[in-house]
Amino acid sequence: MSRLLRLAASGFLLCAAATLHAETVDRMVLSSDGVVLEVSSPASGIMRIRMGRRHLPEDASWAVSRAARSARLPLQVTRGGGAVRLSAAQIGVRIDPKTLRLEVLDAGGKVLLADLAGRAALSTQGFRLRARLNGDDHIFGLGDKTGTFDRKGGAYTMWNSDAWKFTQATDPLYKSIPFFMAVSDSGQSFGLFLDNTWRSTFDFGKTERGVLAIGAEGGPVDYYVMSGPAPKDVLQQYARLTGTPPLMPQWALGFQQSKWSYRSDAEVRAIARRLRSERLPADVIYMDIDYQDRSRPFTVNRAAFPDLRKLAGDLRQEGMRLVLITDPHIANAPGQNYAAYDSGAAQDLFLKLPGGQYYSGDVWPGAAVFPDFSRAKVRNWWGGLYAGFVADGVAGFWNDMNEPAIFNVASKTMPLDVVHRIEGDGFAPRTASHAEMHNVYGQLNSRATYEGLMRLRPDERPFVLTRATYAGGQRYAATWTGDNVSSWQHLKMGTQQLVNLGLSGFAYAGNDVGGYAGERPSPELLTRWFQIGAFTPLFRAHAETGRPDQEPWVGDPVQVEIRRRFISERYLLMPYLYAAAEHNSRTGIPLLRPVFLNFPKVLANGDRLGGSEDQFMVGEDLLVAPSPTLESPGDYKVELPGKGWYNYWTGQRLSDRSETVTPDIAQLPVYVRPGAIIPKQPLVQSTAIIPSGRLELHIYPGADCRGDIYADDGSSLAYKRGSFLRQRIRCEETPSGLRVQFDQREGSWTPWWNGLALHVHGWNGGTPAQAQVTGVKLATSFDPAQMVLVVQASDLVRGLVEIER
Ligand code: MIG
């Protein structure tokens, strides 16, 4: 027994005598009636709680690294009044040693989570934690779930499921991210992450009013409570545990065109050519399952695609990259010279039934076998399967069907007794049933892909898109919301899904622009989808096989022109988006955010959660405000988080904190935070094309005025070795004008721009008397109609621009 365990155990015996004395331990273990409870604080503001019968559950995880799990901040123990109280940095716990009920407290001693079950949570069929649900808390997160935006009053199941044409009522969906955040009307927040891969349920007062119930059929009681206090703090605490998305290659932020399926070399080329000739900027074309030979992963139908390498190479010349689908189901095709099967079978890498024979399920190739991704050896092998495609110059990969989805069975997946083997990742080597591994199968599949690409191209950032995943999967792949429907309701719901994915660690998420299934979208629906999609992190148009074309050029030229304008706007905003992406890779704060993430106080405004239900923010500064009823021509009111916001399109400053909007298909209202500095670049048709000219800095004077620029080569890992550029720019209104401060630039990267153009919006001073940087006069021009003052400057590694009215 460790010294600490002894301390903790003896402390428990002592506590009956209500002795008041303080001690410091690095974890607390209590046991009562055969149930063992352990509390530790792996980081500031985080408590980890584990519980088991007779002994604690295995200390291992697919989501939380060993380093993050085993760090232990000191816990101050006080005992009294029949309770054990632990305080750590920014968080505390009070435990009743008899019942093992506990309360998690914030730094000020306020109860965040009041457990009602204690040791009684354990039963022979798993567990059911119960806690009081605070009256004014709203609940967000849980990944790609539909349902209501605020999850309070709802109940959700974690069980990765292929959910073609899902609806607002469909649950479970494709992913299991057993993490949520509660945010009160006052903006105070806490988070809870249950690190358990079994089928689990989260009931936010649906079954029992005012009670949060979290249960699972098996697996560990192992959860983390994060004390915030701001919603952004909760996200950073969650990122500390489960990681952040790596910085994506910049091209992944470009527009991506997909379709099930572009069926031939000629068709793929034609799509690329059309995007260019229509001047619709784009970076990626996807190849869906029909590029393969008989739907067999890691094969190519050579009749349709005789020379993939040439295709990929020629497209690259046009600034266009290829992403290929590679499903996890390997055709069960022994003796047919199918390398993926033969090599996997030779090394015994496929999942088996308890009787020892392969599990074989029907999917696209017909009968198929499934790699056991829980083994490091299998993941290595899988990663190696990409060698050919990588050598051909394929840029990224798409892992679909990895719930895993199986046809022709009621469960839509493999039997629960399929035997996985666990090797590594801190787990004891052992077998595990599919019931345990199902929810993490997709995450491990995308991890194998990501790690394989890292080995094959050690200095290139992988791009992997996955459909199914588990908490922590953001370290390996971007995701999308699966098979949505071309409807106004899906467009609205889809944005809420992306917001919740962002609040669940998945900053790179998108939904099929235009809708995947159902009736073809009306021209207006398609246009709106492109407009909104242009502001979502992963901007990918996709549609089901057999449907009429829905590429952006389809239909009325007036509609096409609107779509072109919005796709182009995304490319103009690329420096802003890329800076937000880089920020995300360090902090876990997503690109797409609910308004309340940046402005928690809006929740007190009640109405549609202070607008967060329909409006969303991109980064710190842009607020996108589609109508709450997208299909309706009726006016709607946009409430802004404060006064003095700017209209992004006109640069005009609003006099009020709300605005009534009359919908117009040619427009999507976007507002800018007063105090924003937004970098923009000249229009290019692909991120592969290096812009030339000046970097524009759009300055919207206001309080807390700041903006960031970030640049690097966009695709390699050289930025980790110092080859990047990061700079903060701040502004300040003075009685006589405006000062723009360029902080010292960090990093060694030399950017493409040959100078700066400062666009000062809302400038009412006419042509300034002077603009200068350290005595050097700068050229200016003033547009009275737009109230924009443009100041030209050379590139500034640091310095102060002073503009005098
Ligand atoms: O059973 O690869 O969600 O995006 O086009 C359908 C074909 C399999 C489902 C994906 C969808 C993709 C389709 N796939």
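I'd like the residue in the stretch 404-418 that is out of contact with any His (no Cβ under 7 Å at 6 or more places or on another chain) and without any contact (Cβ under 8 Å) to a residue 40 or more places away in the chain and, out of all such residues, is surrounded by the most Cβ atoms within 10 Å (Cβ to Cβ). The qualifying residue surrounded by the most Cβ atoms within 10 Å (Cβ to Cβ) is S411. Take W753 and decide whether it is open to solvent by 30 Å² or more (accessible area, probe 1.4 Å), under 24 Å from D283 (Cα atoms) and aromatic (F, W, Y). Considered against the rule, which asks whether it is open to solvent by 30 Å² or more (accessible area, probe 1.4 Å), under 24 Å from D283 (Cα atoms) and aromatic (F, W, Y), W753 comes out as no. Does L235 satisfy the condition of being touching a Phe, Trp or Tyr at 6+ places or on another chain (Cβ under 7 Å), away from the ligand (no atom under 15 Å from the Cβ) and either on the phi < 0 side of the Ramachandran plot or in contact (Cβ under 8 Å) with a residue 40 or more places away in the chain (or both)? No, not satisfied.
Counting only strands (runs of 3 or more DSSP E) that sit wholly inside the stretch 101-157, those with at least 1 residues that are under 27 Å from R53 (Cα atoms) and either open to solvent by less than 40 Å² (accessible area, probe 1.4 Å) or in contact with a Gly (Cβ under 8 Å, 6 or more places away or on another chain) (or both) are 102-106, 111-115, 126-132. In the stretch 265-278 there is at least one residue that is within 25 Å of R564 (Cα to Cα), buried (at least 24 other Cβ atoms within 10 Å of the Cβ) and within 16 Å of the ligand (Cβ to nearest atom).
Return yes when F370 is within 16 Å of the ligand (Cβ to nearest atom), among the hydrophobic types (A, V, I, L, M, F, W, C), outside the structural domain of I177 (by TED's automatic domain parsing) and surrounded by fewer than 18 Cβ atoms within 10 Å (Cβ to Cβ) and no when it is not. Criteria not met by F370. Of the candidates P537, P557, P552, P523, the single residue that is away from the ligand (no atom under 16 Å from the Cβ), in contact with an Asp or Glu (Cβ under 7 Å, 6 or more places away or on another chain) and either open to solvent by 20 Å² or more (accessible area, probe 1.4 Å) or not polar (S, T, N, Q) (or both) is P523. Would you check if there is a residue in the stretch 146-162 being within 16 Å of the ligand (Cβ to nearest atom) and out of contact with any helix residue (DSSP H, G or I) (no Cβ under 9 Å at 6 or more places or on another chain)? Yes, because at least one residue in the stretch 146-162 is within 16 Å of the ligand (Cβ to nearest atom) and out of contact with any helix residue (DSSP H, G or I) (no Cβ under 9 Å at 6 or more places or on another chain). The strands (runs of 3 or more DSSP E) falling completely within the stretch 189-284 that include 2 or more residues that are of a type in the set (V, I, T) and more than 30 Å from A303 (Cα to Cα) map to 211-216, 221-226. Only residues that are within 16 Å of the ligand (Cβ to nearest atom) and in contact with an Asp or Glu (Cβ under 7 Å, 6 or more places away or on another chain) were counted across the stretch 167-193, and they come to 3.
Can you tell me which residues in the stretch 163-188 are part of a strand (DSSP E or B) and either in contact with a helix residue (DSSP H, G or I) (Cβ under 8 Å, 6 or more places away or on another chain) or open to solvent by 30 Å² or more (accessible area, probe 1.4 Å) (or both)? Correct list: S176, F179, M181, V183, S184. Being among the β-branched types (V, I, T), surrounded by fewer than 24 Cβ atoms within 10 Å (Cβ to Cβ) and within 16 Å of the ligand (Cβ to nearest atom) is a property that does not hold for T587. Within the stretch 288-319, the set of residues being within 15 Å of the ligand (Cβ to nearest atom) and open to solvent by less than 30 Å² (accessible area, probe 1.4 Å) comprises D288, I289, Y291, Q292, S295, R296, P297, T299. Considering (1) more than 16 Å from the ligand (Cβ to nearest atom); (2) part of a loop (DSSP other than H, G, I, E, B), the lone condition that N408 does not fulfil carries the number (1). Taken together, A340, A346, A391 contain a single residue that is among the aliphatic types (A, V, I, L, M), surrounded by 15 or more Cβ atoms within 10 Å (Cβ to Cβ) and more than 16 Å from the ligand (Cβ to nearest atom), which is A340. Among residues of the stretch 210-228 being out of contact with any Phe, Trp or Tyr (no Cβ under 8 Å at 6 or more places or on another chain) and open to solvent by 10 Å² or more (accessible area, probe 1.4 Å), the one that is farthest from R593 (Cα to Cα) is P220.
The values are calculated or read from the model by the stated rules, or taken from the named source; none is laboratory data. In this text, all values refer to a predicted model and were calculated from it rather than measured experimentally. All Cβ positions, glycine included, derive from the backbone under ideal geometry; neighbour counts span all protein chains shown. Surface areas here come from the heavy atoms of the whole protein model, side chains and all, with no ligands, DNA or RNA. Shrake-Rupley method; radii C 1.70, N 1.55, O 1.52, S 1.80 Å.
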